[in-house]
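So the structure is just underneath, and the comments pick up after that.
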Amino acid sequence: MARRAVEDPAGAMKRFYKLATVSPEAGGVAILLDGRPVRTPARALLHVPTEELAEAIAGEWNGQGETIEPHLMPLTGLANAAIDRVAPDPAAFARTLAQYGESDLLCYRAEGPKSLVERQNRVWDPLLGWARTRFGIEIETTSGVMHRPQPPQSVEQLGWAVAARSAFQLAGLAPLVTIAGSLIIALALAEGAIGLEAAWDAAMLDEAWQAEQWGADPLAAASLENRRREFEGAYLFLTLL
C-alpha cells in the first residue's frame, strides 16, 4: 500500500512509519516510507528528478517527530505541487508566473524620500541591467504606483524564459516570484546571477526601509520570517534539481 504525501499545510497527523528512504526508478527517484512508495495528495507517485532532492525530501520525513508537521516539509510540498499542479499543464502555469514581468517590483520606484529612492536605484538598477543583457529586452521604470506597460516584446521574451523550465523548476520558481513580487529577482536567483541574501534584500528593500524608519511590528516581523523560510525553501529546492 502506497503512502500519501502530506496534504494539509496547516494540519498534522501521527507519524505512521519508521524510516524514509529513496529508490531510483524509471520515472525518477521515489521516496519510500518503510519500503512503500509515497503518493502526492492527488495520488500520483512522488517521484523527483534527482537523487539529491529525493534524499532531502526523505530527510524531511525522517526529521519528523511523533506527529507529521507539514510546515516543516517545504521540499515535499513543492514536489507535490510540481507533480499535481504544474505538470498537468506547465504552459498555463508558466504563463501565470510570466505575468509578473508586466508589473515587476523593480520597475516601480518611490517618489521619495531621497534616501529610499537612492537605495532602490543602487540595489535594483543592477538587476534590471542584468535582465536587459541576459534576455535582450527593454524595461521601463516609473515613479509611483500607476501601471506602466512594458514593451510587448520584452514581456514575450520573459515569458519564453519562464516557459522553458520544467515542471519542477516552475514549482520552485513560483514562491520566489510571488514572495518577491518580481520575476526578475526570481530569475536572477534561479540562474545564479545573485545569491540568496542579495535576492532577499532586493525583494524586501521597501519593508526593511520602513522598519528602519518606524521600527519593526511584531506581527509584520513574524509574517516576514515565515516568508523568508518559504523563500529559502524554494531556493533550496531549485538547487537540488
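Derivation of every value follows stated rules applied to the coordinates shown; laboratory data play no part. Owing to the predicted nature of the structure, the values given are computational and were not obtained by experimental measurement. Cβ placement follows ideal geometry from the backbone for every residue including glycine, while neighbour counts extend to all protein chains displayed.
In units of the rule-of-thumb radius 2.2 N^0.38 Å, segment 1-146 shows an alpha carbon radius of gyration of 1.46. Among Glu197, Glu102, Glu230, the residue with the largest mean-square fluctuation in a Gaussian network model of the chain, with springs joining Cα atoms closer than 10 Å, is Glu197.
Magnitude of the charge dipole for segment 3-86, about its Cα centre and with charges confined to Cβ atoms of Lys, Arg (+1) and Asp, Glu (-1), is about 340 debye. Only Cα pairs under 8 Å and 6+ residues apart enter the sum, and on that basis the relative contact order of the chain stands at 19 percent.
FRET efficiency for the pair Ala222 and Arg119, taken as 1/(1 + (r/R0)^6) with r the Cβ-Cβ distance and R0 = 25 Å, rounds to 0.55. Here the average projected area of the convex hull drawn through the C-alpha atoms of segment 3-86 stands at 4.7 nm². As a calculated quantity, the FRET efficiency between Leu19 and Leu196 at R0 = 41 Å, using C-beta atoms, amounts to about 0.85. The GNM of the chain, with springs linking C-alpha atoms under 10 angstrom apart, assigns the highest mean-square fluctuation among Ala164, Ala211, Ala81 to Ala211. With the alpha-carbon atoms of segment 123-207 aligned to their principal axes, the span from lowest to highest coordinate is 35, 31, 21 Å, starting with the largest.
Treating each Cα of segment 90-239 as an identical point scatterer and summing with the Debye formula, the log10 of I(q)/I(0) at q = 0.20 Å⁻¹ comes to -1.33. For segment 148-155, 3J(HN,Hα) computed residue by residue from phi via the Karplus equation (6.51, -1.76, 1.60; θ = phi - 60°) reads 10, x, 8, x, x, 5, 5, 4 Hz, glycine and proline entered as x.
Multiplying the residue separation of Ser103 and Phe135 by 0.36 nm and removing their Cα-Cα distance gives an extension gain of 9.8 nm. Length gained on full extension, Glu55 to Ala26: 8.7 nm, using 0.36 nm per residue less the C-alpha separation.
Kindly provide the helix-only [θ] at 222 nm of the chain, computed as the sum of -39,500 (n - 2.57) over DSSP H runs of four or more divided by all residues, to the nearest 500 deg cm²/dmol?
Computed mean residue ellipticity for the chain: -16500 deg cm²/dmol.
For segment 140-184, the alpha carbon convex hull comes to 76 Å³ per residue, rounded to a whole number.
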